[in-house]
1. Go through K39/K168; K39/K112; K112/K168; K4/K112 and tell me which ones have a Cα-Cα distance over 24 Å in this structure.
2. Relative contact order for the chain using alpha-carbon pairs under 8 Å, separation at least 6, rounded to a whole percent?
3. Nearest 20 debye, what's the magnitude of the dipole of the chain about its Cα centre given +1 on Lys and Arg Cβ and -1 on Asp and Glu Cβ?
4. Kindly write out, for the stretch 141-151 in residue order, the coupling ³J(HN,Hα) from the Karplus curve 6.51 cos²θ - 1.76 cosθ + 1.60 (θ = phi - 60°), rounded to whole Hz, with x marking Gly and Pro.
5. Tell me the Kirkwood hydrodynamic radius of the stretch 90-147 in angstroms, computed as one over the mean inverse distance between distinct C-alpha pairs.
6. Across the stretch 179-193, in residue order, what do the Karplus-derived ³J(HN,Hα) couplings come to in whole Hz, using 6.51 cos²θ - 1.76 cosθ + 1.60 with θ = phi - 60° and x for Gly and Pro?
7. Among 52-58, 80-86, how do they line up by average Cβ neighbours within 10 Å per residue, starting with the highest?
8. Calculate how steeply helix 230-245 sits against the longest principal axis of the alpha-carbon atoms of the chain, using the helix alpha-carbon long axis, and give the answer as 0 to 90 degrees to the nearest 10.
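Values in this text are rule-based calculations from the coordinates and carry no lab data. Just so we're clear, the structure is a prediction, and the values are computed from it rather than from any experiment. All Cβ positions, glycine included, derive from the backbone under ideal geometry; neighbour counts span all protein chains shown.
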Amino acid sequence: MIQKAFIQEKGNGRMEPEMADLLAELNHRGIPVETFTEKRLHRRQLPLATDTLVAGYIPVVLGALRQLGIDLPNLTDYPQCLQAFLHRQIWQSTVGQIIQRIYDDHAPIFAKPQNRKKRFTGHVFASPSDLMYLQGTSHRTPVYCSEVVEWLSEYRVFVIRGEIVGIKHYWGNPSVSIDLSVITEAVQLLNVSGEGTAAYGIDFGVLSDGVTALIEWNDGFALGSYGLDKSLYTDLILTRWCELTGVLI
């Protein structure tokens with residue numbers, strides 16, 4: 001059972017909306033909460049324990065797990081069991097290869113970092129002017145690439161223990177809805193294959209041809225809520241932390 005929580009702040013009490021929701025909900029549940037900055041974690045100034053939730057940005061939570069000696073989760077944007085839901089070609093590359101491709105005058109591509117440190121945000125690279133988004137990024141940085149497609153709308157589906165607990169629209173035309181039968185099938189496949197975790201978010205969107213396609217899968221230990229009810233969001237974060245640490249929820 002979770003005895004305490006550390007919630008990341010930016011300094012001077014400033015924090016992401018998700019962290020503010022966690023803080024309020026955990027206080028409501030009577031769980032002691034302390035805020036912290038990333039610097040304090042790096043300096044090992046937090047008394048970490050498996051029954052003490054650490055919530056924050058992805059690198060921060062991974063850093064806490066590392067300090068606890070817990071094996072880090074295998075982060076994947078595109079689970080093998082969901083390949084049929086992509087509806088576009090995706091391949092692995094490097095920043096250096098993207099740069100070379102642009103100067104060789106190939107067709108535009110979409111690229112994003114493979115790991116979750118987000119050295120740059122996902123972007124369509126079509127001309128040398130787009131390379132400004134890669135400034136300061138090593139040419140060896142691994143990336144995912146895909147052909148450029150047109151998304152009409154994008155949604156995040158929130159899942160706890162195999163059950164869909166919420167769906168939030170976050171980009172595009174909200175009147176263009178995803179096909180719920182596709183979402184249900186994808187969640188069932190994640191359950192059966194074992195590639196899903198106890199809590200996660202999975203992003204789906206509608207392509208220009210009307211097909212509902214997988215955008216990416218997101219582990220639930222650090223996840224944007226897009227306005228999900230704070231009680232459900234707290235349940236999601238706690239569920240995944242407890243799965244990672246072996247603590248009973």
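1. Going by Cα-Cα distance, K39/K168; K39/K112; K4/K112 fall outside the 24 Å limit.
2. Details: 436 pairs, mean separation 51.8, N = 249.
Relative contact order for the chain comes out at 21 percent.
3. Numbers: 22 positive and 27 negative charges, 226 e Å.
Roughly 1080 debye, rounded to the nearest 20.
4. Values per residue, Gly and Pro as x: 4, x, 9, 9, 10, 8, 5, 7, 10, 9, 9 Hz.
5. Values: mean 1/r = 0.0906 Å⁻¹.
Final number for the Kirkwood radius of the stretch 90-147 is 11.0 Å.
6. 7, 5, 5, 5, 4, 4, 4, 5, 5, 4, 5, 5, 5, 5, 6
7. On the way: 52-58: 23.3, 80-86: 14.6.
Ranked by mean Cβ neighbours within 10 Å, highest first: 52-58, 80-86.
8. 90 degrees
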